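Okay, structure first, notes after.
The values are calculated or read from the model by the stated rules, or taken from the named source; none is laboratory data. Quantities reported herein were computed from a predicted structural model and do not represent experimental measurements. Positions of Cβ are generated from backbone atoms using ideal geometry, with glycine treated the same way; all protein chains shown enter the neighbour counts. Note: areas computed on protein heavy atoms with side chains; ligands, DNA, RNA excluded. Shrake-Rupley method; radii C 1.70, N 1.55, O 1.52, S 1.80 Å.
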Amino acid sequence: MQRVRSQGVVIAGAALAAMALSLSACSSSTTNGGSSGSGLSGTLNGSGSSFQLIFQQTAIQNFKSIEPGVSVNYGGGGSGKGRTDLASGVVQFAGSDSPIPSAEVANFKGKTVLYFPVVIGPITVSYNLSGVSSLKLDAPVIADLFQGNIKKWDDPKIKALNPGVNLPSTPVVIARRSDSSGTTQNFSQFLVDAAPNWKLGTSSTISWPATSQGGSGNGGVAQIIKSTPGAIGYVDYADAKAAGLTFASVKNKDGNYIAPSIQTATTAADNATIKPDLTFSAIWAPGAQSYPVTYQSWDLVYQKQSSTNTTKMLKAYIGYLLGDGQKLLPGLNYAPLPSSLDQKAKAQLSKIGT
């Protein structure tokens with residue numbers, strides 16, 4: 001096992017479109033795993049993690065300037081769908097925010113799956129309360145909110161954490177994922193680790209209270225929160241920022257209330273322990289400035305491919321995501337990989353073959 005040590009990351013404020021344009025020129029000159037004019041031709045299909053969606057869309061646009069003969073398609077649908085599609089041979093790579101659960105291992109029929117980490121980011125606890133721009137929450141209160149035990153926003157448990165904040169008596173509306181989701185898996189894992197009162201377990205699907213409202217993808221949950229007074233939900237940072245949501249500071253393992261950001265996610269990742277297959281978890285990481293609901297996402301590919309051309313295309317695209325693609329991340333409100341982990345992932349590209 002090895003601790004991840006990352007470089008400092010500064011949040012860039014460029015909009016998605018501007019980022020895509022500004023980096024397309026520099027990306028065309030170099031990439032890890034593919035080079036301009038290599039003559040590659042064909043199509044790669046991927047699906048899964050909605051956490052990766054904004055990154056994938058932007059990376060695909062920039063990669064096209066490097067490998068114009070390669071078309072890459074990425075559909076969201078949630079981490080569960082991505083893993084199912086990969087196991088079924090529908091896609092060549094799957095975005096997943098969690099390792100393959102034991103219940104799904106048999107679906108892959110003994111084939112070796114490689115994990116390529118590509119992105120890190122916070123899961124926000126976003127809410128819609130008029131006049132309340134700053135809120136502190138800890139794991140036990142978050143657990144009570146999402147289990148339906150706290151019914152109104154002026155509940156004494158929330159007031160105790162937020163002295164001086166004028167909390168309304170607005171009813172609490174739970175917004176959650178309706179699809180099989182790595183965001184759900186990681187958010188619920190945080191509550192298992194940090195909230196002794198959490199009773200709903202951890203999985204990519206949860207039996208939420210019947211009164212909760214479900215949305216597809218992080219974007220779907222963000223839209224419910226934005227349009228529903230009193231709503232609270234878990235949304236990845238990139239989508240929460242894109243939707244203009246307000247989110248809480250969350251009490252971390254060291255007892256500090258930390259706001260989600262690129263830097264606090266990076267700090268959490270600094271304390272993640274990397275397994276030999278490059279899986280890890282940054283949830284509930286120690287550290288005074290660690291944001292406690294930080295997660296990560298991988299692109300999963302089979303070690304053995306059906307053709308040399310598919311192998312070359314995968315090495316080129318995944319190599320781009322681990323190379324120049326990492327430069328896209330801060331401007332899209334994601335955290336790049338710590339450099340030591342990025343180097344391990346690049347070295348693993350050589351394992352893809354026929």
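Structural remarks
- Residues (open to solvent by 30 Å² or more (accessible area, probe 1.4 Å) and either among the small types (Gly, Ala, Ser) or not in a helix (DSSP H, G or I) (or both)) located in region 305-332: SER306, SER307
- ASP193 vs. criteria of a type in the set (Asp, Glu) and open to solvent by 40 Å² or more (accessible area, probe 1.4 Å): yes
- Single condition ARG83 does not satisfy, out of (1) assigned to a loop (DSSP other than H, G, I, E, B); (2) more than 30 Å from PRO229 (Cα to Cα): (1)
- Residue check: GLY233 meets all listed conditions (1) of a type outside the set (A, V, I, L, M, F, W, C); (2) crowded, with 24+ Cβ neighbours inside 10 Å; (3) in a loop (DSSP other than H, G, I, E, B) but one, namely (3).
- Set LYS241, LYS199, LYS226: member being among the charged types (D, E, K, R) and closer than 14 Å to ARG176 by Cα: LYS226
Here is a yes/no grid of residues against (1) over 22 Å from SER297 (Cα atoms); (2) open to solvent by 10 Å² or more (accessible area, probe 1.4 Å); (3) at pLDDT below 95:
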| residue | (1), (2), (3) |
| --- | --- |
| SER6 | no, yes, yes |
| MET19 | no, yes, yes |
| GLY33 | no, yes, yes |
| SER38 | yes, yes, yes |
| ALA59 | no, no, no |
| GLY69 | yes, yes, no |
| VAL91 | no, yes, no |
| ALA94 | no, no, no |
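- Helices (runs of 4 or more DSSP H) enclosed by region 114-213 - at least 2 residues per element that are in contact (Cβ under 8 Å) with a residue 24 or more places away in the chain: 139-146, 182-194
- Residue check, ALA288 open to solvent by less than 10 Å² (accessible area, probe 1.4 Å), among the small types (Gly, Ala, Ser) and out of contact with any Leu (no Cβ under 6 Å at 6 or more places or on another chain): no
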